[in-house]
Amino acid sequence: MFGEIGRGDCILASLRELIRDGDTIVWGQADAQPRRLTRALTGQRHAWNRLRVFLGIGDSDILKPDHADVFEMVAYCGTGSNRALSKAGKLDILPCHYSQYPELIRSGLLRVDVAMLRVSPPDDEGNYSLGLANDYLCAAIEAARVVIGEIDPAVPWTYGEFSLVKEDFDLLVDTDQDSGGTTESSAAAIACAPHAAEALIGANVASLVEDGATLQTGIGRLPDAILRALHGHRELGFHSGAAGDGLVDLFESGALTNARKPVDAGVSVAGMLIGSHKLYRFAHCNPGLRLRAATYTHALPVLAAMPRFTALNSAVEIDLEGRANTEVAAGHYVGAIGGATDFMRGAHASMGGLPIVAIAASVKGKSSIVHRLAGPASVSAADAGVVVTEYGIADLRGQSYAERRRRLLRIASPEFREELERESAGKH
């Protein structure tokens, strides 16, 4: 079946025909969320008895806790608008490394019946681009019984794993401007100067990074501060799960060329784009940027093949043994296991690689370096690398627990060091 619906037409009848009770639905995460489609689905959810949705990063308030009367909501993260679902006790978490999700989908262990996509308008040859995310969507498209697309002129046409033609969709709809379909990411569009601590962390990280290194980084204020501190570097590469506006700024500074990468030479690689229209304009029809599936962006052999692969990740807290909690804060699931371990292991395996966890030493009057984690050890002690705060650098590689403790105490906030030392005394 193929159907195409323009603006102003009711899509519920088509959705009801295509989606069956009990189906599992996956839609694009963050900027890639098709908002007209998801708004229609949630608004008329009582046309079904029960549906299951697998969620990535939430970047809208379309899905609400009271929608649990129909939706079973499962996610890999508690990020963004997922936090409200998590705090209400309506969100279940699938705890896996990010690199695993495509294969889980392909194998059927993570069932996908319906894939909903936010896509670009077609090019001159009729090819629709996934635009803003390949990540696990490529596997979802291949596995799904039904593929539904929302065409948004704001979505850039990007080079990716594959493109789609009209016949690949069971239903295509135009975006609804009122649905927020062309609104840039609220989380990543805020351009502002880094806090003093973030600037210091950025400078400390920059002191470790060599010219010619290939970078992986997350999205947000601290990653952007780190990228800003690297503007004076040269011939850097980029290979990451996500890219934001900081990628554009790094390129425009002259620091980013990808010239020394032995794979994807001259090309920045990411799994998804989360940013403002500046990022969208940079990405549109840009052969120097390619979106790839998580089976590639997070693959250990690919990462290990890049000399000086530098993984730049953060955490909620780090204990004195080097373990990192990237998932839980104040008893709530706010983060993810995500790709941190994938990238840390890749950096460990890379010749001259740097597995870095950058973290503010304290947040809201509480130390981020702790004696005992308040959440899970998302990154194990065996995967620990270099920890960076505004107070310095602690290289934990090849170090015993006792030496790790000494090094981490030196980069903790001064007002917490004595208490941390007292709490951990006699442990080793």
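Values quoted throughout were computed directly from the atomic coordinates according to the rules given, and no laboratory measurement underlies them. Keep in mind the model is a prediction, meaning the values are calculated, not measured. Please note: Cβ atoms are built from the backbone with ideal geometry, for glycine as well, and neighbour counts cover all protein chains shown.
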Residue by residue through the range 41-57, what is 3J(HN,Hα) from phi via Karplus (6.51 cos²θ - 1.76 cosθ + 1.60, θ = phi - 60°)? Round to whole Hz and write x for glycine and proline. 5, 6, x, 10, 4, 6, 6, 10, 8, 8, 9, 10, 10, 9, 10, x, 4
Dimensions of the range 196-424 along principal axes (Cα, Å, largest first)? 56, 33, 32
Once the Cβ-Cβ distance between Ser400 and Lys87 is put in as r, and R0 is 30 Å, what FRET efficiency do you end up with, to the nearest 0.05? 0.15
Extension length gain for Arg45 and Ala199 (0.36 nm per residue less Cα distance), in nm, is 50.9 nm
If you put +1 on each Lys and Arg Cβ and -1 on each Asp and Glu Cβ, how big is the dipole of the range 3-179 around its Cα centre, in Debye rounded to 20? 820
Of Gly375, Ile274, Trp48, which is farthest along the charge dipole of the chain in the positive direction, counting Lys and Arg as +1 and Asp and Glu as -1 at C-beta? Gly375
Phi angles of the range 199-209, converted by Karplus (6.51 cos²θ - 1.76 cosθ + 1.60, θ = phi - 60°) into ³J(HN,Hα) in whole Hz with x for Gly and Pro, give 5, 5, 4, x, 5, 5, 5, 4, 5, 8, 7
Please list, ordered by chain and number, the residues whose modelled amide H lies under 5 Å from the amide H of Val370; skip anything fewer than 5 residues away on the same chain. Ile318, Asp319, Leu320
Put +1 on the Cβ of every Lys and Arg and -1 on every Asp and Glu Cβ in the chain; which of Pro307, Ile219, Leu291 then has its Cα farthest towards the positive end of the dipole? Pro307
Report the Stokes-Einstein translational diffusion coefficient (µm² s⁻¹, integer) for the range 3-179, Rh taken as the Kirkwood radius over Cα pairs, at 25 °C with viscosity 0.890 mPa s. 151
Looking only at the chain, where both bridge partners belong to it, what percent of the DSSP beta bridges are antiparallel (to the nearest 5)? 20
Efficiency of FRET from Cβ geometry, Leu300 and Lys166, R₀ 56 Å, rounded to 0.05: 0.90
Jot down the per residue volume, in cubic angstrom and as a whole number, of the convex hull over the alpha-carbon atoms of the chain. 131
Express the relative contact order of the chain as a whole percentage, based on alpha carbon pairs under 8 Å and six or more residues apart in sequence. 14
Most fluctuating residue given options Lys278, Lys364, Lys261, as computed from a GNM of the chain linking Cα atoms under 10 Å: Lys364
Using θ = phi - 60° and the Karplus relation 6.51 cos²θ - 1.76 cosθ + 1.60, list the HN-Hα couplings for the range 406-421 in order, rounded to whole Hz, with x at every Gly or Pro. 4, 5, 6, 4, 5, 10, 6, 4, x, 5, 10, 5, 4, 5, 4, 5
Picking from Ala68, Gly108, Cys10, whose Cα lies most toward the positive end of the charge dipole for the range 3-179 (charges on Cβ: Lys, Arg +1; Asp, Glu -1)? Ala68
The answer for the per residue Cα convex hull volume of the range 334-428, in Å³, is 101
Structure-based [θ]222 nm, the chain - -39500 (n - 2.57) summed over DSSP H runs of at least 4, per residue, nearest 500: -7000 deg cm²/dmol
Expressed as a whole-number percentage, the relative contact order of the range 196-424 with C-alpha contacts under 8 angstrom and at least six residues apart is 18
Taking 0.36 nm per residue of separation and subtracting the Cα-Cα distance, what length does fully extending Ser380 through Asp123 add? 88.0 nm
Taking placed amide H atoms and a strict 5 Å upper bound, the residues 5 or more places from Asp176 or on another chain that come that close are Arg36, Gly181
With +1 assigned to the C-beta of every Lys and Arg and -1 to the C-beta of every Asp and Glu, and no other charges, what is the dipole magnitude of the chain about the Cα centre in debye, to the nearest 20? 1200
